[in-house]
1. With r as the distance between the Cβ atoms of residue 148 and residue 27 and R0 = 25 Å, compute the FRET efficiency 1/(1 + (r/R0)^6) and round to 0.05.
2. To make sure I understand, if each residue's beta carbon is the centre and we count other beta carbons within 10 Å, what order do 374, 43, 29 fall in, fewest to most?
3. Sticking with the crude label model, points 7 Å out along Cα→Cβ, report the distance from residue 391 to residue 194 in nm, one decimal please.
4. In what sequence do 400, 371, 308 fall when counting other Cβ within 10 Å, fewest first?
5. Need the C-alpha centroid separation for the range 297-319 versus the range 364-381, integer Å.
6. Using a 10 Å cut-off around each Cβ, can you sort 161, 90, 268 from fewest to most neighbouring Cβ atoms?
């Protein structure tokens with residue numbers, strides 16, 4: 001019994017001394033810990049004691065959550081900006097919770113952004129999870145200090161996205177955004193290394209814009225609406241993930257009304273011809289029919305993943321990449337599910353035989369469910385000199401996925 005009383009006493013001592021031990025941490029450590037909290041919670045920590053009352057004013061982050069009660073959000077943000085000091089910001093994050101709706105009492109997002117930019121913010125995240133898209137005004141994202149921008153459900157409708165003055169920008173990610181892309185390509189700074197655009201629409205709808213990014217290393221362009229941008233100049237590109245979804249308008253590239261119809265170098269493949277790693281998935285074979293006619297050579301390509309679009313017209317896409325990738329090492333063919341079966345001849349009869357890259361180390365075929373095309377693919381590969389021991393066939397629980405999206 002006495003032993004139990006001593007244990008209880010030790011627990012009480014630990015609890016009573018908890019605040020003292022936390023307060024005893026170096027101030028820069030406390031500031032770092034507080035910076036991970038939403039700004040409202042960080043301010044509420046001031047009740048812990050005298051030492052905590054003003055720490056929130058010097059935090060290197062702003063994390064604003066828009067709740068259902070927008071009037072309270074506005075009052076809090078206005079008070080926060082009025083009393084916070086001008087400590088440089090590492091991050092500014094604006095999130096909206098489910099149930100949030102824009103109204104006249106909402107705080108001014110542009111004003112908050114101007115404040116963040118004036119504090120030399122480096123990382124900016126705008127994520128609107130529900131309600132209308134967030135509309136930004138011209139110049140909202142212009143800063144020489146920004147290194148990373150993440151946008152979710154943000155609109156650039158009345159003006160084109162311009163990050164030309166963001167000379168330190170390294171990463172730009174946009175998901176479910178409406179993007180005015182007029183002259184977007186010439187506005188990407190040389191510092192940009194990663195560009196990720198998903199589930200977004202490009203405006204104006206009747207035009208095809210272009211992407212030109214001299215320092216870009218990694219590009220992800222997936223499941224976008226309207227016209228996929230023309231990849232005009234990407235001289236430093238190493239890795240590209242491209243997925244053309246059902247909402248893309250590119251299947252009509254040969255129509256007279258489309259301005260890209262007369263582009264001599266195609267839209268996608270020529271701009272991707274210098275990459276080392278490429279993943280190319282599409283629900284439209286038509287997107288690449290004209291591209292292949294331009295005959296780009298993938299002289300640096302070592303790792304390749306293609307969807308089953310490449311099997312249409314008697315393996316024409318697959319054949320093309322094997323012929324025009326002289327140092328290819330790893331090839332993955334991902335068979336998907338389609339309502340229309342890919343048309344192929346029962347017996348593969350090429351016009352002439354060729355030998356694939358002597359550097360090829362593996363050829364992987366993945367399928368979602370039993371697929372009769374696998375046998376035809378094997379005949380095709382063996383005919384062109386790919387050794388059976390290099391071929392691996394596996395059933396996988398995914399379809400039309402990039403390699404980093406796969407469930408292990």
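Since every read-out is calculated from the coordinates, none of them should be taken as a lab result. Since this is a predicted model, take the numbers as computed values, not measurements. All Cβ positions, glycine included, derive from the backbone under ideal geometry; neighbour counts span all protein chains shown.
1. Values: r = 26 Å, r/R0 = 1.05.
Approximately 0.40, to the nearest 0.05.
2. Values: 374 14, 43 21, 29 10.
Fewest to most other Cβ atoms nearby, the residues stand as 29, 374, 43.
3. A separation of 3.7 nm, rounded to one decimal place.
4. In increasing order of surrounding Cβ atoms, one gets 371, 400, 308.
5. Taking the Cα centre of each part, the range 297-319 and the range 364-381 sit 15 Å apart.
6. 90, 161, 268
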